[in-house]
Amino acid sequence: MEYAIEMLNVTKEFPGIKANDNITLQVEKGGIHALLGENGAGKSTLMSILFGLYSPTSGTIKVNGKEVLITNPNVANDLGIGMVHQHFKLVENFTVTENIILGREPKGKFKTIDLKSSRERIKKISELYGFKVDPDAKIEDLTVGMQQKVEILKMLYRDADILIFDEPTAVLTPQEIEELLEIIKNLAHEGKTVLLITHKLKEIKACATKCSILRRGKLIKTVDVATTTEATMSELMVGRKVDLNIVKKPLSLGKNMLEIKDLVVTSNRGFDAVKGVSLHVKAGEILGLAGIDGNGQSELINALTGLAPIKSGSIIIDGKDVTNESIKTRFDIGMGHIPEDRHKYGLILDFSLKENFIIHDFEESAFSHHGILNYSNIDQYANRLIEEFDVRSGQGKNTLTRSMSGGNQQKAIIARELDRSPKLLIVVQPTRGLDVGAIEYIHKRIEAERESGKAVLLVSFELDEIMSLSDRIAVIHSGKIMGEMNAKDATENKLGLMMAGTEVTEGNANV
Amino acid sequence: MYNKKEKILVPLIAVVLGVLLGIIILVVSNRDFMVLFSSLLKGLTGITLGKAGINLRYPGELMVTTMPLILGGLSIGFAYRCGMFNIGSEGQVIMGSLAACCFGILVPIPTRFAAVVVLLVGALAGALWAFIPGILKTKFNISEVVSGIMLNYSGMFIASYFYKILPGSTTTRTVDLPVNATLKSDFFYNITNYSRLNWGFLVVIVCVILYWFIIEKTTFGYKLRATGFNKFGAKFAGIKTDRATILSLMISGALAGLAGALLIQGTFGYGRVSLAFDNVGFDGIAVALVGGCNAIGVVLGGFLFGLLKITQPLLQTSGVPREIGDIISAAIVYFVAIQYVILYFIHKKRKTKGESKE
């Protein structure tokens, strides 16, 4: 068997931690090789070594059978290794062509940039793989999925043969994910070697041939994807059996905790993003709001939580009309909110963990007196939350939240919001970018809230998440509710059609 | 990546590098670099090398120069901790001076209490001048940097106009403030060999303590810091970020206004018609930067820049160009500003040390 990449006995030590411990990874030419592991398992470190961003403490790397020393990303490029980073590295106000040739501008007469020939070449490559990318479009006008294709084109333009994808689907909609997996398969078909870093088992099943599983810096096993079940892989990854199936206790419904009536919200770009939405959530149930990203979910959530003004309609929480109330009042009435963007909205990253815990209630008598913070109470409270919700961090309550892992940051937010025991919990994309272990934990917590009689509104772009957690599912498409159905009547197909804008009448049988 | 030890280490290294640069320039231009050290020593302690006795006038004047600088640094630091760059501090100093001067001259209060009232008037004027960029920022999303710079010039011209029309003013200065309204002290005057040292240091001490207490210990400071670190996150959590923004600019302005009042009531005792900036507000930026915007750091930063300032005339009398003081100040600011380069070398050194140990 011919290997495109061989990383032999690679070890990388950082002060106090072995990020990679004697890892041997062999990637077959023309194959799709997945790298699976929880956050912090060492996947990114390993790929950074391959891409020349870190130098290994020990071990050797062979590319196409030849031993090489990759000292920086340029060397990697010259060896035909390309990488699509999780966070795109594109110049927003440049065109697709300008971005792709950046750093390798072809020179024409009088040392001017020869845009014409590069444009043609990009068009050709784009057509070859069926990308449908307009070489003259500006990056800022493209969707996230399109931007990712530009990143892929950038690698192909540089004649990369070995393509590394770092968590490529984390930012994509279900449709875009499917398309991307198709592209990846195509690339392998054309003879490229693909290394796919991910923690989504479904995607590995859908396209990869081999899968190497990392846990705590060590290579656990490399398996044949075709003959290994998802359950086995996830067990290898986490180190114990993981159960993502949620056993739901029967419903015991209470009164309406959230009522939205004919809500219209204008987006900050000036058009109506939410066009007359009416929904209700009762105590003791989870309402899942499914839909493709960008169909008015963010605007709806911003209006519900008070971050953005509404145009018309009303919002009632626990019987009180909060349409014109402040954010603080809504929190005080009994709203809890786990936001989509935990870095922008959920946390003050430069605050310590304990300071983040008290962000809603620092003016309450428990944490301050006459405007002076009571740090001994705050410390106690933080210690309790850390223990109860198993939030792990370097220096406990005094850890800067910026330095914590994504999963633990999310746990911190969940600890803060759930401990206030809100009557209505608004949860948006709670497991985005998290590993299986964390997802399992968070799903169980949300389910526990339902069982204790709270009302939960769950907004997610992941159909699996919606279908496994919700009691009732509503689908939003371009600002309108396309229909509602009981979760047991919902199929992926039905929901998919509604998400694409088709009204499905038979499913409208309501609670 | 950035721990407490490094927060102290970086400014220290910057100061050493700045002084080193000064020495190099002196050596290259063929001058005696020991003059730099003897001048700094004289400025700091009043001791002249090779001569017996201490001239307390120098430490006294060091205090006089440093006090407004510390207030200027606190002003910049306070706004910065709330995520804003109050470059309009200079104008707020000027308006503080103007208001203190006018009030002190026009409204005679016969008791010593007058000094306190005049101080508060100065602080209020600074706060109101800072309210303008604050309201512009929150209501119309206009950068406080742009409006602040423009208000610096407006303030300067307004002040020079009013100084000139006060009763008894000449074209260059106003009359003296009544003694009641000043911070002057015969006691300090006499024990420091006739320096201008005044009661203003009490104001500075109170401000430093309040600064630390408000920012670190109060719910109000918590709100400001949350807003400064992440405006969206703070707003999301229910904090009224617009109010925090305006209030922090106004407190920053009040501190600048106090610095202005101190110049009038303590340093000079009268208002000066000037068409150039005193730079107390601008120097405050350097002080806050070197001091890392925390209370103790700002005090030390204030003394550092104060010392370099009063050393300049001493250098000149020893035959070394006074500009060497400016060069060192500027170099220190640059070195702090490129702290990531310094950190890079610290980390690299630590790494090689760590490896050689194994």
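None of the figures in this text is laboratory data; all of them are computed from the coordinates on show. What you see is a predicted model, and the numbers here were worked out from it, not measured in a lab. Cβ coordinates were reconstructed from backbone atoms using ideal geometry, including for glycine residues, and neighbour counts include every protein chain displayed.
The table for this structure:
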read-out	value
Net charge of Cβ neighbours under 9 Å - reference A:A19; Lys, Arg +1; Asp, Glu -1	0
Mean separation of Cα contacts under 8 Å (6+ apart) over length of the stretch A:3-238, as relative contact order %	28
Distance histogram in 10 Å bins (all Cα pairs of the stretch A:53-158, percent per bin)	13, 40, 28, 16, 2
Cα extents of the stretch A:354-415 along the three principal axes, largest first (Å)	35, 18, 16
Largest to smallest principal axis extent of the C-alpha atoms in the stretch B:227-303, angstrom	48, 25, 20
Farthest toward positive dipole pole in the stretch A:340-452 [+1 Lys/Arg, -1 Asp/Glu at C-beta], among A:P422, A:N356, A:S368	A:N356
Average projected area [Cα convex hull, the stretch A:3-238], square nanometres	13.3
Normalised per residue, the volume of the convex hull around the Cα set of the protein assembly as shown (Å³)	225
Neighbourhood net charge (13 Å Cβ-Cβ; Lys/Arg +1, Asp/Glu -1) for B:G155	-2
Approximate shape of the stretch A:9-64 as ellipsoid semi-axes (Cα gyration tensor, √5λ), whole Å, largest first	19, 14, 9
Efficiency of FRET from Cβ geometry, A:R216 and A:E451, R₀ 30 Å, rounded to 0.05	0.35
A:K18-B:R112 pseudo-label distance in nm [points 7 Å out on the Cα-to-Cβ vector]	7.3
Subset of A:K328/A:K488; A:K109/A:K132; A:K138/B:K240; A:K200/A:K494 violating a 28 Å alpha-carbon distance limit	A:K328/A:K488; A:K109/A:K132; A:K138/B:K240
Per residue, the convex hull volume that the Cα atoms of the stretch A:130-175 enclose (Å³)	96
Of the DSSP H helices in chain B, those whose Cα atoms cover at least 24 Å axially and whose Kyte score averages 1.6 or more	B:4-28, B:113-140, B:200-217
Label-point separation in nm, A:N493 to B:I24, each point 7 Å along Cα→Cβ	7.6
Distant-in-sequence amide H partners of A:K282 (H built 1.01 Å from N, under 5 Å)	A:M257
Student exercise, chain B dipole from Lys, Arg, Asp, Glu Cβ charges, in Debye to nearest 20	880
Extent along principal axes [Cα atoms of chain A; Å; largest to smallest]	69, 50, 49
Given charges at beta-carbon only (K, R positive; D, E negative), |dipole| of chain A in Debye	780
Label-point gap, in nm, between A:Y375 and A:E92 - each point 7 angstrom along Cα→Cβ	3.8
Rel. contact order, % - alpha carbon contacts under 8 angstrom, at least six apart, the stretch B:65-294	45
Percent of C-alpha pairs per 10 Å bin, the stretch B:224-354, short to long	10, 25, 31, 21, 10, 2, 0
Under 5 Å, built H, 5+ apart or other chain: amide partners of A:S368	A:N374
Surrounding net charge for B:G281, when Lys and Arg each add one and Asp and Glu each subtract one, Cβ distance under 15 Å	-3
Within straight-line cross-link reach of B:K309, aspartates and glutamates at Cα separation under 19 Å, skipping those fewer than 8 residues along the same chain	B:E61, B:E90, B:D278, B:D283, B:E323, B:D326
Long-range HN-HN contacts of A:I164 with modeled amide H, under 5 Å	A:G82, A:M83, A:V84, A:L195
Rg(Cα)/(2.2 N^0.38 Å) for the stretch B:18-85, N = residue count	1.55
Estimated FRET transfer efficiency (A:L8, B:E216; beta-carbon r; R0 41 Å; 0.05)	0.20
Trypsin sites (Lys or Arg not before Pro) restricted to the stretch A:55-95 and DSSP loop, no more than 16 other C-beta within 10 Å	A:K89
Å³ per residue enclosed by the Cα convex hull of chain B	171
Protection proxy ranking of B:261-267, A:54-60 - average other beta-carbon atoms within 10 Å, highest first	B:261-267, A:54-60
